[in-house]
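Quick notes on the structure that follows.
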Amino acid sequence: MKRGTFIFEEKPSVLSFSAVVGKKEGEGPLGKFFDEVEKDSYFGQESWEKAESENLRRSVARTLKKGSFCADDIDFVISGDLLNQCISSGYALRSLGIPFFGVYGACSTMAESMVLGATMISGGFAKRVLCATSSNFCSAEKQFRTPLEYGGQRTPNAQWTVTGSGSVVLGNGDGPFIDSATCGRIIDLGVCDIANMGAAMAPAFVDSIIRHLKATGTDVSDYDLILSGDLGLVGKNIAIELFEKEALSPGDRYNDCGAMIFDNKAQDTHAGGSGCGCAASVLCGYILPKMREGKLKRVLLGATGALMSPTSTMQGESIPSISHIVSLQA
């Protein structure tokens with residue numbers, strides 16, 4: 001281990017995975033790749049918060065079923081979301097009876113949970129760990145911005161929180177494997193605009209990628225795909241500029257989950273997707289299947305998160321951000 005980076009001798013593998021999304025995500029460019037697309041925005045529930053929790057519950061149930069696992073086969077579950085006290089995760093997973101770690105990394109939560117799960121397995125502390133997260137457009141707008149009923153105008157650089165959930169079971173078996181991972185550092189360059197999350201998070205993503213490459217002795221050319229979590233179109237362009245300043249040119253190898261999940265012109269999502277479910281659903285619905293099929297050999301995922309709250313933004317605080325890195329190889 002180098003400071004902040006884990007290089008696994010015994011590489012944990014992704015045993016099973018699934019992604020469950022909402023109607024708008026199902027109408028996007030990746031719609032056909034998700035395990036389930038729910039047409040009802042409420043997921044059959046009576047509130048947006050319960051809808052998000054049901055979304056997560058369905059993803060976890062599918063992941064367990066696809067791997068032929070039951071709850072007793074899982075040693076730990078690591079999950080979190082965007083809502084206060086991570087209630088989506090707590091309510092969705094309460095009936096499983098699995099030892100639970102609730103984590104908060106904002107939109108970086110999927111990568112954060114996979115980093116922690118991989119270290120537990122590689123260290124011999126667990127045989128199987130379930131990692132999961134979710135987000136919901138309506139519950140996020142209600143908590144972080146304004147309720148939908150308010151009808152507030154969205155700025156051009158605003159992103160659309162993905163209604164979706166992704167989950168994986170990590171263990172020992174066939175690939176894809178997690179060969180290394182890097183814990184992000186908190187980076188704050190003073191961005192205060194909550195409608196411009198991509199600008200706030202891009203520096204953290206580039207910082208973590210550079211640290212990971214140096215620690216592992218790899219280069220951008222060693223990867224088929226370098227993927228940021230949810231910088232969206234604005235943040236993606238900023239990340240490209242920051243890479244160029246560091247004399248790195250990932251070119252077509254670099255993409256962003258928030259830029260991939262929606263057709264921003266046809267679907268009017270402005271700067272693209274965001275939210276915990278963004279990286280999670282793209283990873284579990286699109287990336288991991290392509291690795292299983294051999295179409296992608298090495299992928300570097302850097303999910304990004306803004307570590308702010310409604311209280312901090314109302315008090316005029318800037319937006320500290322973080323990006324955790326997971327390196328996957330087929």
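The values are calculated or read from the model by the stated rules, or taken from the named source; none is laboratory data. In this text, all values refer to a predicted model and were calculated from it rather than measured experimentally. Cβ coordinates were reconstructed from backbone atoms using ideal geometry, including for glycine residues, and neighbour counts include every protein chain displayed.
Are any of the residues in the range 102-118 over 21 Å from Ser274 (Cβ atoms), of a type outside the set (Gly, Ala, Ser) and over 19 Å from the mean Cα position of the chain (by Cα)?
No, the range 102-118 has no match at all.
Considering Gly190, Gly166, Gly173, Gly184, which residue is crowded, with 23+ Cβ neighbours inside 10 Å, modelled with pLDDT of 90 or more, assigned to a loop (DSSP other than H, G, I, E, B) and not hydroxyl-bearing (Ser, Thr, Tyr)?
Answer to the selection: Gly184.
When Met1 is evaluated against the numbered criteria (1) under 22 Å from Ile178 (Cα atoms); (2) modelled with pLDDT of 95 or more; (3) among the hydrophobic types (A, V, I, L, M, F, W, C), which criterion, by number, is the only one it fails?
All conditions are met except number (2).
Note down all Cβ pairs under 9 Å where the first residue falls in the range 204-218 and is part of a loop (DSSP other than H, G, I, E, B), the second is at pLDDT 95 or above, and they're at least six residues apart or on different chains.
If the second residue must be at pLDDT 95 or above, the pairs left are Thr218/Ser180; Thr218/His212; Thr218/Arg298; Thr218/Leu300; Thr218/Ser327.
Just give me the residues in the range 232-285 being closer than 24 Å to Glu141 by Cβ, touching a helix residue (DSSP H, G or I) at 6+ places or on another chain (Cβ under 8 Å), small (Gly, Ala, Ser) and part of a helix (DSSP H, G or I), in sequence order.
Residues satisfying the conditions are Gly232, Gly235, Gly258, Ala259, Gly277, Ala279, Ala280, Ser281, Gly285.
Based on this model, can you work out whether Cys86 counts as at positive phi and either part of a helix (DSSP H, G or I) or not aliphatic (A, V, I, L, M) (or both)?
So Cys86 passes the test.
For Gly316, work out the one condition from (1) at pLDDT 95 or above; (2) not in a strand (DSSP E or B) it doesn't fulfil.
Failing condition for Gly316: (1).
Go through (1) surrounded by 16 or more Cβ atoms within 10 Å (Cβ to Cβ); (2) not in a strand (DSSP E or B); (3) not basic (Lys, Arg) for Leu227 and report which single condition fails.
(2)
Any idea how many residues of the range 23-42 are farther than 11 Å from Asn136 by Cα and either hydrophobic (A, V, I, L, M, F, W, C) or in a loop (DSSP other than H, G, I, E, B) (or both)?
10
Pull out all pairs, ordered by first then second residue, where Cβ-Cβ is under 6 Å, the residues are six or more apart or on different chains, the first lies in the range 91-108 and is among the aromatic types (Phe, Trp, Tyr), and the second is at pLDDT 95 or above.
Between residues of the range 91-108 that are among the aromatic types (Phe, Trp, Tyr) and residues that are at pLDDT 95 or above, the close pairs are Tyr91/Ser53; Phe100/Val77; Phe101/Ile78; Tyr104/Gly80.
Within the range 135-154, restricting attention to residues that are at pLDDT 70 or above and among the hydroxyl-bearing types (Ser, Thr, Tyr), which residue is surrounded by the fewest Cβ atoms within 10 Å (Cβ to Cβ)?
Per the stated criteria, the residue is Ser139.
Consider the range 43-80. How many of its residues are in contact with a Leu (Cβ under 9 Å, 6 or more places away or on another chain), part of a helix (DSSP H, G or I), among the hydrophobic types (A, V, I, L, M, F, W, C) and farther than 18 Å from Phe137 by Cα?
3
Would you tally the residues in the range 238-269 being of a type outside the set (A, V, I, L, M) and either surrounded by 20 or more Cβ atoms within 10 Å (Cβ to Cβ) or within 12 Å of the chain's Cα centre (by Cα) (or both)?
The total comes to 7.
Can you tell me which residue in the range 278-301 is surrounded by the most Cβ atoms within 10 Å (Cβ to Cβ), limited to those that are under 20 Å from Ser167 (Cβ atoms) and of a type in the set (Gly, Ala, Ser)?
For the range 278-301, the residue satisfying everything is Ala280.
When you look at Val129, is it surrounded by fewer than 24 Cβ atoms within 10 Å (Cβ to Cβ), in contact with an Asp or Glu (Cβ under 7 Å, 6 or more places away or on another chain) and of a type in the set (A, V, I, L, M), yes or no?
no
Can you go through Gly171, Gly190, Gly229, Gly175 and tell me which one is touching a residue at least 60 places away in the same chain (Cβ under 8 Å) and touching a Leu at 6+ places or on another chain (Cβ under 6 Å)?
From the options Gly171, Gly190, Gly229, Gly175, the qualifying one is Gly171.
When you look at Thr311, is it of a type in the set (S, T, N, Q) and free of Cβ contacts under 8 Å to residues at least 60 places away in the same chain, yes or no?
yes
Say whether the condition of being modelled with pLDDT of 95 or more, basic (Lys, Arg) and out of contact with any Lys or Arg (no Cβ under 6 Å at 6 or more places or on another chain) is met by at least one residue in the range 204-219.
Yes - at least one qualifying residue is present in the range 204-219.
Just the residues that are assigned to a helix (DSSP H, G or I) and within 23 Å of Ala306 (Cβ to Cβ), please, taken from the range 95-134.
Residues satisfying the conditions are Ala106, Cys107, Ser108, Thr109, Met110, Ala111, Glu112, Ser113, Met114, Val115, Leu116, Gly117.
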